[in-house]
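Please read the structure below before turning to the comments.
The values are calculated or read from the model by the stated rules, or taken from the named source; none is laboratory data. Keep in mind it's a predicted model, so treat the numbers as computed, not measured. A quick note on method: Cβ atoms are made from the backbone with ideal geometry, for glycine too, and the neighbour counts reach across all protein chains shown.
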Amino acid sequence: MTRPTICVPCRLAAIAAAVGCAAAAFAWTAGWLTPERLTAPHIINTFERNYGVHPGYRRNHAKGLCVEGWFDSNGNGTDVSRAAVFAPQQRTPVIGRFAIPGSNPSAPDASVPVRSLALLFRLSDGEQWRTGMNSTPVFAVHTPQQFYAQLVASKPDPATGKPDPQKLAAFFRANPDTQPFRQWVSTHPQSSSFANTAFYGINAFIATDAAGATHAVRWQVVPDTPFEAETAAQKTQPDFLANDLDTRLAAGPLRWHLILTVAAPGDPTDDATQQWPDTRERIDAGTLVLQQASPQSEGQCRDVNYDPTVLPDGLKPSDDPLLAARSAAYAVSFNRRTREEATGAAQAMHAAPSPGDPHR
Ligand code: HEM
């Protein structure tokens, strides 16, 4: 049988068309063809315009440190999820990162009302579960568009170095679903330590059990260490959180319980500004143990992208629109900071840590 011949110009035209389509797809994804469409680079560029570029650092939650430990599952999580991390008597190694939000890696710890903990679980079957949690049970905004609008409204005024209060007030007036977050922050004092802070995954996820049934869940880690409020003395120490953590870890490991909260039918899974009622079922799935901290410039968390959509079999994203936006924005931030590390742009920064800050 003879193969049909295709003329050379036709072949070249087909190749050119394929390349052109791929280029157009990339251009569309990057937002070049639709400049009015909100994209992840728009969000990250706005962080950089507002707060400058700090080479090698995350564009948000820039100030932080790495921690290591493990999760001991008690088997209760199998009620809702078949993920290997919830199997009875299962110990899963964890690479974590404590941080505070904001783009300035030298910001004083007391300058923001939120702390964060990100975790990467390395499951025995080779899968990973990554999560980034904040110390508030709700998020300020419901949609990526609102997140972007809030970022634009928060741009520091060059005269004061702070956001223009009128622009921020206008944003809050136009976005009343920011109210539960603002209410929570204004009625809860800051913690004195990462160790006595509860951290919330905030977004909803869908867990699948061994029988294939699905359950909408949220998770949080609740510390064994009793809560104490930030002191007046701590407010004057820019790096008290890292120093406090070192002191506590020198005395032994720190523990949190991993709690899964199960939604009832009708609870919203697409709105991180709303808590579910307190009466929802809570499953204590086991104990998170953190035993060692290291500076983020050399610790294992440095090159981790805590993308909340990296999930093992048995957990998957919900319909919350923030999840896809987080995944896309974290990837852009990760690409820029790791490129800066690779090209040496970040070296000068790490070579000259600020006095008294052991975890830059
Ligand atoms: C559209 C919404 C959001 C955007 C655009 C956004 C943006 C970012 C960016 C750019 C980073 C740096 C990522 C990196 O370079 O590795 C980051 C880190 C982080 N975000 Fe978000 N975020 C959003 C929503 C949230 C929500 C809802 C939570 C809480 C559940 C959250 C918690 C965190 C945490 C804990 C980190 C630090 C992760 C680490 O330690 O590496 N973010 N965020």
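Inclusion of T143 among residues that are within 14 Å of the chain's Cα centre (by Cα), near the ligand (Cβ under 9 Å from one of its atoms), farther than 21 Å from A293 by Cβ and surrounded by 17 or more Cβ atoms within 10 Å (Cβ to Cβ) is not warranted. Residue-level check: of (1) buried (at least 17 other Cβ atoms within 10 Å of the Cβ); (2) of a type outside the set (D, E); (3) touching a residue at least 60 places away in the same chain (Cβ under 8 Å), P101 misses just (3).
Does the stretch 137-170 hold any residues that are β-branched (V, I, T) and under 22 Å from K316 (Cα atoms), and which are they? Working first, answer last.
Taking the stretch 137-170 as the starting set, the residues that turn out to be β-branched (V, I, T) are 138, 141, 143, 152, 160.
Correct list: V138, V141, T143.
Screening D246 on (1) surrounded by fewer than 17 Cβ atoms within 10 Å (Cβ to Cβ); (2) acidic (D, E); (3) within 30 Å of D271 (Cα to Cα) shows it passes everything except condition (3). Screening T160 with (1) surrounded by fewer than 17 Cβ atoms within 10 Å (Cβ to Cβ); (2) at pLDDT 95 or above gives one miss only, at (2). Selection of the stretch 259-292 for residues being polar (S, T, N, Q) and more than 23 Å from the chain's Cα centre (by Cα) yields only T279.
For V112, the conditions (1) more than 10 Å from the ligand (Cβ to nearest atom); (2) within 17 Å of L311 (Cα to Cα) all hold with the exception of (2). Taking the stretch 175-212 as the range and being more than 15 Å from the ligand (Cβ to nearest atom), within 30 Å of A87 (Cβ to Cβ) and not β-branched (V, I, T) as the test, the residues that pass are A195, N196, A207, D209, A210, A211, G212.
Those residues that are part of a strand (DSSP E or B) and more than 26 Å from T187 (Cβ to Cβ), I need them from the stretch 117-136; list them, please. Let's see the steps before the verdict.
Here is the first cut: in the stretch 117-136, the residues part of a strand (DSSP E or B) are 117-122, 128-134.
Listed by number, the residues that qualify are L119, L120, F121, R122, Q128, W129, R130.
Would it be correct to say that E127 is within 16 Å of the ligand (Cβ to nearest atom), over 24 Å from T46 (Cα atoms) and at pLDDT 95 or above? Answer is no for this residue.
Given the options A272, A293, A325, A329, name the one that is in a loop (DSSP other than H, G, I, E, B), at pLDDT 95 or above and within 15 Å of the ligand (Cβ to nearest atom).
Values: A293 fails: in a loop (DSSP other than H, G, I, E, B); A325 fails: in a loop (DSSP other than H, G, I, E, B); A329 fails: in a loop (DSSP other than H, G, I, E, B).
Within the list A272, A293, A325, A329, the selection yields A272.
R59 satisfies every condition listed in (1) more than 19 Å from the chain's Cα centre (by Cα); (2) more than 18 Å from Q220 (Cα to Cα) except (1). Restricted to the stretch 296-322, and to residues there that are assigned to a loop (DSSP other than H, G, I, E, B) and among the charged types (D, E, K, R), the residue that is farthest from T208 (Cα to Cα) is E298. Whether a residue is under 17 Å from the mean Cα position of the chain (by Cα), at pLDDT 95 or above, surrounded by fewer than 19 Cβ atoms within 10 Å (Cβ to Cβ) and not hydrophobic (A, V, I, L, M, F, W, C) was assessed, and N74 does not pass this test.
Annotation: I100 fulfils all but one of (1) closer than 30 Å to D239 by Cβ; (2) among the aliphatic types (A, V, I, L, M); (3) touching a His at 6+ places or on another chain (Cβ under 8 Å); (4) more than 15 Å from the ligand (Cβ to nearest atom); the unmet one is (4). Tallying residues that are assigned to a strand (DSSP E or B) and either within 23 Å of S294 (Cα to Cα) or not β-branched (V, I, T) (or both) within the stretch 195-249 yields 13.
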